[in-house]
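S.K.: Structure incoming, see below.
The values are calculated or read from the model by the stated rules, or taken from the named source; none is laboratory data. Bear in mind that the values here come from a model prediction, so they are computed numbers and not experimental data. Backbone-built Cβ (ideal geometry, glycine too); neighbour counts: all protein chains shown. These accessible areas exclude ligands, DNA and RNA; they are computed on the full protein's heavy atoms, side chains included. Shrake-Rupley method; radii C 1.70, N 1.55, O 1.52, S 1.80 Å.
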Amino acid sequence: MTARTGAGPLRRLVVLRHAKSAWPEGVADHDRPLGPRGRRDAPEAGRALAASDLLPDLALCSTAVRARQTWELASAQWGTPPPVRLDPELYGADVPELLAAVHETPPQVVTLLLVGHNPGLEELVLTLAGDSLDDALDDVRVKFPTSAIAVLAWHGTSWRSLEPGTALLTSLMVPRGKLR
């Protein structure tokens, strides 16, 4: 199956799993910050998005500390970051909840960035992608690691037109920062 073509512009959903987190003792899961590797990888993810011409018009981000820090470090790599909506519903969200949030995106947004968590993000990518370029879909089935970026594309008049199997997974990247 390939991405459905139809009326409307080519839209892109860019899915970014938060960077590697720390596991400090006594800290609630929602409040866990990025670890050292995550603080290196998140800016690299931002640079990878810029280099791939994937800067979003809008970002939806989980309110979990590690997701917010990923967003802040990634978007700091761009000249002017787009608006961001921090959404508590994205923390621990499953596919129907994630898709509901995406469906609420205003129609003027052409590229949307979704920053959140597994297993929901991985399952969302697998649900929405009817096909992929290269082996990207098979790679997601194996693992969607921290800092992974999946790019889904499809034609639609609104974000509500994004349904299971209607998108093409055009890219999968796992940017990693260098140790200093």
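S.K.: Being under 14 Å from the mean Cα position of the chain (by Cα) and on the phi < 0 side of the Ramachandran plot is true for just one of V115, V109, V142. Which residue is that? Break it down into steps so the answer makes sense when it comes.
M.R.: Details: V109 fails: under 14 Å from the mean Cα position of the chain (by Cα); V142 fails: under 14 Å from the mean Cα position of the chain (by Cα).
Result: V115 is the single residue among V115, V109, V142 that is under 14 Å from the mean Cα position of the chain (by Cα) and on the phi < 0 side of the Ramachandran plot.
S.K.: Let me ask something else about it. Kindly indicate whether any position in segment 10-17 is at pLDDT 95 or above, open to solvent by less than 60 Å² (accessible area, probe 1.4 Å) and outside any strand (DSSP E or B).
M.R.: no
S.K.: Looking at segment 48-78, which of its residues are polar (S, T, N, Q), open to solvent by 30 Å² or more (accessible area, probe 1.4 Å) and under 13 Å from D31 (Cα atoms)?
M.R.: Q69
S.K.: Since A7 meets every condition but one in (1) within 18 Å of W159 (Cα to Cα); (2) modelled with pLDDT of 95 or more; (3) not aromatic (F, W, Y), which condition does it not meet?
M.R.: (2)
This table checks each residue for (1) surrounded by fewer than 21 Cβ atoms within 10 Å (Cβ to Cβ); (2) under 15 Å from L16 (Cα atoms); (3) modelled with pLDDT of 95 or more.
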site: T80; (1), (2), (3): yes, no, no
site: E97; (1), (2), (3): yes, no, yes
site: L114; (1), (2), (3): no, yes, yes
site: L124; (1), (2), (3): no, yes, yes
site: P145; (1), (2), (3): yes, yes, yes
site: L152; (1), (2), (3): no, yes, yes
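S.K.: Would you mention how many residues in segment 21-47 are acidic (D, E), open to solvent by less than 60 Å² (accessible area, probe 1.4 Å) and farther than 16 Å from G116 by Cα?
M.R.: 1
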